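The values are calculated or read from the model by the stated rules, or taken from the named source; none is laboratory data. Quick caveat: nothing in here was measured; it's all calculated off a predicted structure. In this analysis, Cβ positions are derived from the backbone assuming ideal geometry, glycine residues included, and neighbour counts consider all displayed protein chains.
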């Protein structure tokens, strides 16, 4: 089956081109992670992050693909863009102007909203970049060595400019990947960053094992848990509620049309990996600034706000549930589906077309979204608690596994859909009748 799939790809030049763009742009992103910001002592920085693995810095470094650990030009990763997207989508709900742009203006309205998101990304990056620059000047390695070689406004301005340019470039890279490649470019960038850190996570795990900090029994337990979590994620991501749809028979001339039965698939996790990414982005923004500050109450706040704390995980679960409902409401329109069914003569057995159908779909979607949000929360929080107990690296956490599996399944689904559509188009072309002379 795999060989047949490779042969099919080889026969589709457009698909090969899309795959080439996807992997080439990902390679550019990974090269950018290794370009450092000027004026930073990389040895002192490496010593600092060696002690900060299972803290907020370790989580942020995972999402930046290792860029924060190296203070590279892509240290902020794609998180400012995601934060800006959250803000714009929240404003779309309460702002009549943004709501009109998203629903009535069509493609032009979406372009304007995308432009607003870009402006928001730059603004957030400027704030975060300045906070990181000031924080780096105040940080020291465990041996007492300063991380910044020459502190001052020159370093701050250079760092803010470099980090802002890197984030804008990464945002552009993700948009190009979405347009020219396969899959969502932003998700693919986060996926690549997490996967690139897996070898280092495995090496660090064996280091903990050899030093006695991690026992073989605990390691076997964690590996078994990972396999079980992976299987559970795949099972839940494929889970759906199939709402039966019947189409009434209609007579057009002497022929009868309709009378068919199908179903409306409602996924258990309609929002995908977006809720944990959004939730992590919101939680990391204030806590990261607090970690880089010397203000007493902010430092105390950051100590109680680590990813393994009860406060962090409580807020994390609440935000995941909120964003599961919020993002599902954005991408899924029960009212539009009910109107389309009514126009096409379709109906749900026992439910009147129109408003009643919309209410029924809304009610079913709300119920399965609750289970989907609880499933995502469980996957993201339970491994985090195990990390706090057994000192396991973040790469074995539920958030990373959920993103990796979700994005991989989405990528393979789009790849398979593209191949099927092209093969179908080829069959239709061969089936065209020849014109009579």
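Out of region 128-153, which residues are without any contact (Cβ under 8 Å) to a residue 40 or more places away in the chain and farther than 16 Å from residue 48 by Cβ?
130, 152, 153
Does residue 225 satisfy the condition of being modelled with pLDDT under 85, more than 30 Å from residue 87 (Cβ to Cβ), surrounded by 13 or more Cβ atoms within 10 Å (Cβ to Cβ) and assigned by TED's automatic domain parsing to the domain that holds residue 409? So that I can check it myself, show each step before the final result.
Values: modelled with pLDDT under 85: yes; more than 30 Å from residue 87 (Cβ to Cβ): yes; surrounded by 13 or more Cβ atoms within 10 Å (Cβ to Cβ): yes; assigned by TED's automatic domain parsing to the domain that holds residue 409: yes.
Yes, satisfied.
For residue 307, are the conditions met, namely being at pLDDT below 70, under 26 Å from residue 237 (Cα atoms) and in the same structural domain as residue 380 (by TED's automatic domain parsing)? Can you show your working first?
Details: at pLDDT below 70: yes; under 26 Å from residue 237 (Cα atoms): yes; in the same structural domain as residue 380 (by TED's automatic domain parsing): yes.
Taking the combined requirement at face value, the residue satisfies it.
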Pairs under 8 Å by beta carbon, first residue free of Cβ contacts under 8 Å to residues at least 40 places away in the same chain in region 24-40, partner surrounded by 17 or more Cβ atoms within 10 Å (Cβ to Cβ) and in a helix (DSSP H, G or I), six or more apart or different chains?
34/70; 36/70
Flag if residue 171 is touching a residue at least 12 places away in the same chain (Cβ under 8 Å), assigned to a helix (DSSP H, G or I), within 17 Å of residue 79 (Cβ to Cβ) and in the same structural domain as residue 126 (by TED's automatic domain parsing)
yes
Among the residues of region 175-196, how many are within 15 Å of residue 20 (Cα to Cα), part of a helix (DSSP H, G or I) and more than 12 Å from the chain's Cα centre (by Cα)?
5
Tell me which of these residue 163 doesn't satisfy, since it passes every other one: (1) touching a helix residue (DSSP H, G or I) at 6+ places or on another chain (Cβ under 6 Å); (2) modelled with pLDDT under 90; (3) closer than 19 Å to residue 28 by Cβ.
(2)
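Rundown of residues vs (1) within 25 Å of residue 238 (Cα to Cα); (2) touching a helix residue (DSSP H, G or I) at 6+ places or on another chain (Cβ under 9 Å); (3) without any contact (Cβ under 8 Å) to a residue 60 or more places away in the chain; (4) in a loop (DSSP other than H, G, I, E, B), yes/no style:
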site: 330; (1), (2), (3), (4): yes, yes, no, no
site: 353; (1), (2), (3), (4): no, yes, yes, yes
site: 356; (1), (2), (3), (4): no, yes, yes, no
site: 362; (1), (2), (3), (4): yes, yes, yes, no
site: 368; (1), (2), (3), (4): yes, no, no, no
Would a scan of region 184-203 turn up a residue that is surrounded by 20 or more Cβ atoms within 10 Å (Cβ to Cβ), in contact with a helix residue (DSSP H, G or I) (Cβ under 8 Å, 6 or more places away or on another chain) and more than 30 Å from residue 40 (Cβ to Cβ)?
yes
Taking region 331-362 and keeping only residues that are surrounded by 15 or more Cβ atoms within 10 Å (Cβ to Cβ) and more than 34 Å from the chain's Cα centre (by Cα), one is left with 342, 345, 346, 347, 351, 353
Tally, over region 232-255, of residues that are at pLDDT 85 or above, out of contact with any strand residue (DSSP E or B) (no Cβ under 8 Å at 6 or more places or on another chain) and either farther than 30 Å from residue 67 by Cα or not in a helix (DSSP H, G or I) (or both)
4
